[in-house]
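The values are calculated or read from the model by the stated rules, or taken from the named source; none is laboratory data. Predicted model only: the values in this text are computed from it and were never measured. Every residue, glycine among them, receives a Cβ derived from its backbone with ideal geometry; neighbour counts consider all protein chains shown. Ligands, DNA and RNA are excluded from the accessible area calculation, which covers all protein heavy atoms including side chains. Shrake-Rupley method; radii C 1.70, N 1.55, O 1.52, S 1.80 Å.
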Amino acid sequence: MGSRSFRYVMALMLIVLAIPVIRPYIEYRLYAATTPRPVEARGGLADYENSAIEIFERVSPSVVHVVGREGGDELSLSAGDEVGIRTGTGFVWDQAGNVVTNDHVVEGTKVLAVRLASGEAVKATIVGLAPHYDLAVIRLASVRELPQPVAVGSSADLKVGQAAFAIGNPFGLDQSLTNGIISSLKRRLPTSGGREIGNVIQTDAAINPGNSGGPLLDSAGRLIGVNTAIFSPSGANAGIGFAIPVDVVNRVVPELIRSGRVSAPGIGIVAGNETVATRLGVEGVIVVRTVPGSPAARAGLQGVNASTGELGDIIIVANGQPIRRLADLADQVEQTGVGKTVELTLRRGSNKTSKTVEVTDVDVRATPSGLGIL
């Protein structure tokens, strides 16, 4: 009996030890899904999902892929690796075939091609460039069926936290939708024209290279901005993207279509570097000098004394609005418009004085020292 009991015990131990080894094989035989699994009923989509889908389906047909080359006579939309190729996004502005994009997407290109959402590829020509707003208008050649223009909204009543949607061609990938929120308003964005755009929209909707020139939309699918730049050490999305506000776009684009250029409202001053102003404890725009013959010169504004270095006029109020930096003044001058007058309050030494200055079309450039002309 002792020998038989021993064998039973050994057999039981072997079974116990074998269970972990053979268990996976048993479970595989019993539970492995070797045939297609039944589809579970999903239920309805969430409201925010339906909203995003509706926005994409309605707006994406009007968003195009823009490709330009700096030289040559012909351009293939598949030539993304060629030297001198620029790619970006644009969107249909009107039924005449005008498309809005960024200036930096098409500036310097000799040949342009556009691929529509339908897959149709057409040639395009530049209608007008506004480098100080980083905006451009190009016109499509004959199109079999032109998509509807993107509906235009307003950027004046935007709120931080509201939803934002971006459609574009990141890294050359057609028709991509990203969404997020408006992260901040009234940002400032330098442009290649030497001017700062004020009231720029900041969003965390993913914006990558190739999204430039694409529309930023609100939850109603209306245009609220034109995506133009990202802030990222790596060059890819880092959650900080910028868009030119639609209220600026809606003023600049019609001018580009009419005349191929856009006026740059200014008063003819050379403004001091903001870093220097901060170091001096000055709040306002330091007038370094006035442009000869400009409205500012005719109104008697005074710049820095070249002999003594003594400050002249500091602009602290424009049209009743406090001026803390050049972007504030540029915004007021923009709103005033060419041919009208802006009311300035100046600090000259310990005194304050008021001046009425005409707004005119000025040459907008940036000097090597970082001074800006307005």
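Some notes on this structure:
- Residues in segment 349-370 that are modelled with pLDDT of 90 or more and open to solvent by less than 30 Å² (accessible area, probe 1.4 Å): V357, V359.
- Residues of segment 279-295 that are surrounded by 15 or more Cβ atoms within 10 Å (Cβ to Cβ) and either under 19 Å from E334 (Cβ atoms) or of a type outside the set (A, V, I, L, M) (or both): G284, V285, V287, R289, T290, V291, S294, P295.
- The residues listed here are R298, R258; of these, the one that is under 25 Å from L344 (Cα atoms), surrounded by fewer than 21 Cβ atoms within 10 Å (Cβ to Cβ) and of a type in the set (D, E, K, R) is R298.
- Filter result (small (G, A, S), closer than 26 Å to D218 by Cα and part of a loop (DSSP other than H, G, I, E, B)) within segment 38-69: G44, A46
- Whichever residue in segment 159-184 is in a loop (DSSP other than H, G, I, E, B) and modelled with pLDDT of 95 or more and, among such residues, is nearest to L217 (Cα to Cα): Q162
- Taken together, the residues in segment 102-115 that are open to solvent by less than 40 Å² (accessible area, probe 1.4 Å) and either more than 19 Å from R69 (Cβ to Cβ) or charged (D, E, K, R) (or both) amount to 1.
- Leading residue by the ranking (farthest from K352 (Cα to Cα)) among those in segment 301-316 that are polar (S, T, N, Q) and either at pLDDT below 90 or open to solvent by less than 70 Å² (accessible area, probe 1.4 Å) (or both): S307
- Residue match in segment 240-247 (condition: assigned to a loop (DSSP other than H, G, I, E, B), open to solvent by 20 Å² or more (accessible area, probe 1.4 Å), at pLDDT 90 or above and out of contact with any Phe, Trp or Tyr (no Cβ under 8 Å at 6 or more places or on another chain)): no
- Number of the condition not met by V276 [criteria: (1) part of a strand (DSSP E or B); (2) open to solvent by 50 Å² or more (accessible area, probe 1.4 Å); (3) aliphatic (A, V, I, L, M)]: (1)
- Selected residue (criterion: farthest from G221 (Cα to Cα)) from residues of segment 145-158 that are aliphatic (A, V, I, L, M) and under 17 Å from the mean Cα position of the chain (by Cα): A156
- Remark: pairs (first residue in segment 278-305, over 20 Å from A327 (Cα atoms) and acidic (D, E); second residue open to solvent by less than 30 Å² (accessible area, probe 1.4 Å) and part of a loop (DSSP other than H, G, I, E, B); Cβ separation under 9 Å; 6+ apart in sequence or on different chains) are absent.
- Count of residues meeting criterion [over 14 Å from V143 (Cα atoms) and either outside any loop (DSSP other than H, G, I, E, B) or at pLDDT 95 or above (or both)] in segment 103-132: 11
- L135 being buried (at least 19 other Cβ atoms within 10 Å of the Cβ) and touching a residue at least 24 places away in the same chain (Cβ under 8 Å): yes
- Test: residue in segment 144-152 that is in a loop (DSSP other than H, G, I, E, B), open to solvent by less than 20 Å² (accessible area, probe 1.4 Å) and in contact with a Phe, Trp or Tyr (Cβ under 7 Å, 6 or more places away or on another chain): yes
- Of residues in segment 317-348 being open to solvent by 20 Å² or more (accessible area, probe 1.4 Å) and in a strand (DSSP E or B), the one farthest from G281 (Cα to Cα): T341
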